[in-house]
Amino acid sequence: MKQINKKVRKFVIKKNIDEKSGIILLIRNFIKSIPKWIKKQSEKVQILSFIKNIIIKQSKKGRIISFIKNFIKKIIKLGEKSQEEPKQEEEIPEINPYLPKLRSILEQILESYGMNYQIFSPLLLDTDKPPESMLDVDDIELVLEQISDDLNFLKIVTNRPEYFRTYIERMYEDTGLVVQIEEKEKVSLEGVNVILDMERKGNCYKKYMKEYIIYLPFYKRPWTTVRVSQNLDISIPIGYNTVIVKGR
């Protein structure tokens, strides 16, 4: 800090801090000069505090001086905030913990929109983080397991169509359902009324938020447990809105 103070004093003397115009010029040039010879944010805050004290001692009453003082106070406050430990980003769970209840959740959501499972026509947007090992659980498998019974329509949007081949063949043999496969770059919403977004990265897709489509992101917005009266229910994101369903 002593070396910093020496640099600041030289700077103050050079710019003649006793003059109002010199003070204004000092602040302007000083702020421009900080990045050149100070790297740590904590040192920047210390220097700004030092300059503030000098100006307070040397300045006379006046609007310009008062403005400069307040300006420096704001800079110091911002600098102090920047030193606070950043909040850790909420970690995305490996598997959405509510997936085992997905069938019940979907039926309640459909009911709240005046729909039923017979007209449930989902587009399943495949994950952008497939498991690295055959031993790891794939959340897509959990979703397909939950939604397959009584399903009359399914479109899967994926860049790994081979992964779904066995499922598609089984669904056709067992139920006669022809599961449609599309690439992520060529998505058609024809016949779709629900989107199950399994991607983890990025934001919700505005292009899928249509008036006639229920857009359900599994990871891009949090699913949370909420207490309603004496019950623990689940808050489910639908687009930018939420729906509360029973956690049964």
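The values are calculated or read from the model by the stated rules, or taken from the named source; none is laboratory data. Here the structure is a predicted model, which is why all the values come from computation and not from measurement. As a convention, Cβ positions derive from the backbone with ideal geometry for all residues, glycine included, and neighbour counts pool all protein chains shown. To get the accessible areas, we keep the full protein, side chains included, count just its heavy atoms, and leave off ligands, DNA and RNA. Shrake-Rupley method; radii C 1.70, N 1.55, O 1.52, S 1.80 Å.
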Using bins 10 angstrom wide from zero, how does P(r) for segment 119-223 break down, in % of all Cα pairs? 14, 50, 32, 5
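What share of the DSSP beta bridges in segment 150-234 is antiparallel, in percent to the nearest 5?
Values: 4 of 11 bridges.
Expressed as a percentage, antiparallel bridges in segment 150-234 total about 35.
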Taking a 1.4 Å probe, which of Ile195, Ile244 shows the most accessible area, and what order do the others take after it? Ile244, Ile195
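Mind ranking 225-235, 136-146 by how tightly packed they are, going by the mean number of other C-beta atoms within 10 angstrom, highest first?
Top of the packing list down: 136-146, 225-235.
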Quick calc, Tyr117 & Thr224: beta-carbon distance into FRET formula, R0 25 Å, rounding 0.05, result 0.50
Could I have the simple spin-label model distance between Tyr172 and Glu145, label points 7 Å from Cα toward Cβ, reported in nm to one decimal? 2.5
With both bridge residues required to lie in segment 190-244, what share of the DSSP beta bridges run antiparallel, to the nearest 5%? 70
Starting at the first residue of segment 120-126, write each ³J(HN,Hα) from the Karplus equation 6.51 cos²θ - 1.76 cosθ + 1.60 with θ = phi - 60°, in whole Hz, x for Gly and Pro. 5, 10, x, 10, 9, 8, 4
Per residue, how many Å² of accessible area does segment 190-229 show with a 1.4 Å probe? 54
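Is the shape of segment 96-177 rounded, prolate or oblate, going by the alpha carbon gyration tensor and its root eigenvalues a ≥ b ≥ c, with a/c under 1.5 for rounded and a/b larger than b/c for prolate? Intermediate results must be reported in sequence, preceding the final value.
Values: a/c = 2.02, a/b = 1.34, b/c = 1.51.
In terms of gyration-tensor shape, oblate.
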Taking N as the number of residues in segment 204-248, what is its Cα Rg relative to 2.2 N^0.38 Å? 1.27
